[in-house]
């Protein structure tokens, strides 16, 4: 995805990596959907880790935008929710909200799932929740890319007027 602004240019390789990971995840899911639905530990673990990795890529991009556009990125014990909340809010004279209300809700759900994967290992993974989250990611990721593209275009247009 070609970006116009320098703050966004370094995001392109990160987006490419996340998109590749999502593509591999969806390919694996398509080939192992029956095992996943049956509760196969290997399939559940692989798909869950893939969701975890793609979500981490999204969060990494949001942290970069917070540093580069807002001049401040959250830290501390609530950093994962704070970055979503920060990016869902606009900043007067700087930028509109990066995330729509729906995308904020979807990413909050994915963040919760990522937390489960990271801290509970594979023992608490339920097939229906894993499937629900892969489907959510399938919708959220393109919406995330669209938000970034729209923000870049809007800020580039604004920069051209000043």
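Values in this text are rule-based calculations from the coordinates and carry no lab data. It should be emphasised that the depicted structure is a prediction, and the values quoted were computed from it without experimental measurement. Every residue, glycine as well, gets a Cβ built from its backbone with ideal geometry; the counts of neighbours run over all protein chains shown.
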Requested in this report: Specify the inter-centroid distance of the stretch 9-65 and the stretch 87-137, based on alpha-carbon positions, in whole Å.
Outcome: 13 Å
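Could you grab the relative contact order for the stretch 2-88? Cα pairs under 8 Å, six or more apart, rounded to a whole percent.
Values: 53 pairs, mean separation 25.0, N = 87.
RCO, the stretch 2-88: 29 percent.
Assign one of three labels to the stretch 1-77, namely rounded, prolate or oblate, based on the Cα gyration tensor with a ≥ b ≥ c the square roots of its eigenvalues; rounded applies when a/c is under 1.5, prolate when it is not and a/b is larger than b/c, and oblate otherwise.
Details: a/c = 5.68, a/b = 2.01, b/c = 2.83.
Oblate, because a/c is 1.5 or more while a/b does not exceed b/c.
Expressed in whole Å with the largest first, what are the equivalent ellipsoid semi-axes of the stretch 1-45 derived from the C-alpha gyration tensor as the square root of 5 times each eigenvalue?
So the equivalent ellipsoid measures 34, 9, 6 Å along its semi-axes.
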Report summary line: Per-residue ellipticity at 222 nm attributable to helices in the chain (runs of n ≥ 4 DSSP H, -39500 (n - 2.57) apiece, nearest 500 deg cm²/dmol) works out to -25500 deg cm²/dmol
Query raised in the report: If you bin the C-alpha pair distances of the chain every 10 Å from 0, what whole percents do you get?
Result: 10, 39, 32, 15, 4, 1
Query raised in the report: Using a simple spin-label model with points 7 Å from Cα along the Cα→Cβ vector, what separation in nm is obtained for residue 73 and residue 56?
Result: 1.4 nm
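Against the 2.2 N^0.38 Å scaling, with N counting residues, where does the stretch 60-118 land? I'd like the Cα-based Rg ratio to two decimal places.
Details: Rg = 11.5 Å, N = 59, 2.2 N^0.38 = 10.4 Å.
That ratio works out to 1.11.
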Report task. Using a 10 Å cut-off on Cβ atoms, rank the peptides 124-130, 44-50, 140-146, 70-76 from the highest mean neighbour count down. Result -> 44-50, 140-146, 124-130, 70-76
